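The values are calculated or read from the model by the stated rules, or taken from the named source; none is laboratory data. Predicted model only: the values in this text are computed from it and were never measured. All Cβ positions, glycine included, derive from the backbone under ideal geometry; neighbour counts span all protein chains shown.
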Amino acid sequence: MQTIKFMSGEKVPLEMHKAKIIKKLKLKPIDERLKAIQESGNNSFLLKNDDVFLDMLTDSGVNAMSDKQQASLFLADDTYAGSQSFYKLNETTKKIFGKEYLVPAHQGRACENILCRLFVKPGNVVIMNFHFTTTKAHVVVNGGIVEQLIIDEGVKPQSDCLFKGNMDIKKLEDCILKYGPEKISFVRMEAGTNLIGGQPFSLQNLKEVSAVCKKYKIILVLDASLLTDNLYFIKVREESCKNMTIAEITRAMADQVDIIYFSARKLGCARGGAIVTGDYKLFREMQQITVLFEGFITYGGMSIMEIEAINQGLLESMDFEMVNQAPIFIEFLVNEWTKNGIPAITPPGGLGAHLDAKQFCKHIPQSQFPAASLIAAIYLVSGARGMERGTVSEDRNQDGTEHFADMELVRLAVPKRVLSLSHLKFVADRINWLYKNRELIGGLEWVEEPKVLRFFLGKLKPVNDWQEKLVKKFKEDFGDSL
């Protein structure tokens, strides 16, 4: 595995691509940003993109497509049934994953809907290394229970553990015996655990989970939405895999599981999703749900043009110099924070750089949502839009009390091939200033609170006038700077 070194010894990530199409950005004055965040109910999802300078909310559907992907759009066989583009994608998924059958869907949560409708019955259990918001919601709405069995190290914000996304094998077997194998709908491994900082699991851990599932005849499902980041970490961190190619690691992972699903808004840098399996019976059952909720079995709610883009994107996902781009830039941003004493999730994971809001805003109780407060503060001082991954991203307990998250994280996503190094240095600089003035950040409280997935549409307000005070201090220190 080759690396690029600078004569100075400085560790600087190098873009292995060049810009061919650009989009103009606007950085609005801080007074306009204050108005925008308040009108959005302090929910970054509800900000208008015209008010955002750097969109670091997510990497879902906003990764940059390659020139070959753009060209592939014009090759689409745009027919309702039997499109050649679908069969081309099917051949690619067979080549990459070694699974015969392909079920298309319009995005990742549509795949989750299909799987949960098929497998989850009232009182059944879905075991995960860690839950994701939409996955858990689909399990619960079908009457199921979620058990997350991440290793203890997984929820420690700062750690030397290289695979914090690993499932605890003893907890897994104990959980199966507790409920009985017949009550387990499936075991789900999320490649790149989203809610704990994009942390990967190892190939060895997946093999151990697979062995337990085979022992008890339980279906093992891989959520491969963030697969490329996990592949990168396996290759560079897992000693036994350092001489394997990305394609070889992918196939080794796929061989351990029964079903793979993914959001192509992440994996493949396009828009759509799919499920692959080698089990014909399960395939036919999933097809019946597809035609009811998604569309015909050869387009699954997607534009055929997107199917072509996914096909090309999956092929490119086997290239190490594509796979490494997000993780090395995320690592750069995390290192910029930690060298200034700013509490970040370590080791750096995938998807984005994560701040530890519990430590950043120690003075804000969890009941006042420190991660959501920090998101609003970051937007105010930088125009960058991140995402809350803490208590606001949880739903309330059945008795109506708050379900406080294990960690209060602020995620600043780094979409693949979108942001430049100067963008990341700007964000690092503004957050460095904000950390020095962190006592000015205050809490938030609910104004409008949906019952399900409240972080998408909920609205909050400051508990006092802390936002105006933060703006005043910013002006004192930066003058007329944006």
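Here is how the numbers come out for the structure above:
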read-out	value
Those residues of segment 67-91 which are closer than 28 Å to residue 330 by Cβ and surrounded by fewer than 19 Cβ atoms within 10 Å (Cβ to Cβ), in sequence order	67, 68, 70
Lone qualifier among 39, 10, 15, 32 - being surrounded by fewer than 17 Cβ atoms within 10 Å (Cβ to Cβ), touching an Asp or Glu at 6+ places or on another chain (Cβ under 8 Å) and of a type in the set (Asp, Glu)	32
Where a residue in segment 229-244 is in contact (Cβ under 8 Å) with a residue 40 or more places away in the chain and its partner, wherever it lies, is surrounded by fewer than 18 Cβ atoms within 10 Å (Cβ to Cβ), with Cβ under 6 Å and at least six apart	237/162
Sole residue being among the charged types (D, E, K, R), in a loop (DSSP other than H, G, I, E, B) and within 23 Å of residue 378 (Cβ to Cβ), chosen from 28, 18, 11, 5	28
Check on residue 476, part of a strand (DSSP E or B), modelled with pLDDT of 95 or more, among the acidic types (Asp, Glu) and out of contact with any strand residue (DSSP E or B) (no Cβ under 6 Å at 6 or more places or on another chain)	no
Which listed residue, of 482, 419, is of a type in the set (A, V, I, L, M, F, W, C), crowded, with 19+ Cβ neighbours inside 10 Å and in a loop (DSSP other than H, G, I, E, B)	419
Selected residue (only one of 300, 268, 272 is among the small types (Gly, Ala, Ser) and over 18 Å from residue 63 (Cβ atoms))	300
Some residue of segment 345-366 being assigned to a strand (DSSP E or B), in contact with a Ser or Thr (Cβ under 6 Å, 6 or more places away or on another chain), surrounded by 23 or more Cβ atoms within 10 Å (Cβ to Cβ) and of a type in the set (Gly, Ala, Ser)	no
Some residue of segment 111-120 being among the hydrophobic types (A, V, I, L, M, F, W, C), farther than 22 Å from residue 270 by Cβ and not in a helix (DSSP H, G or I)	yes
Single unsatisfied condition, residue 33 versus (1) part of a loop (DSSP other than H, G, I, E, B); (2) over 25 Å from the mean Cα position of the chain (by Cα)	(1)
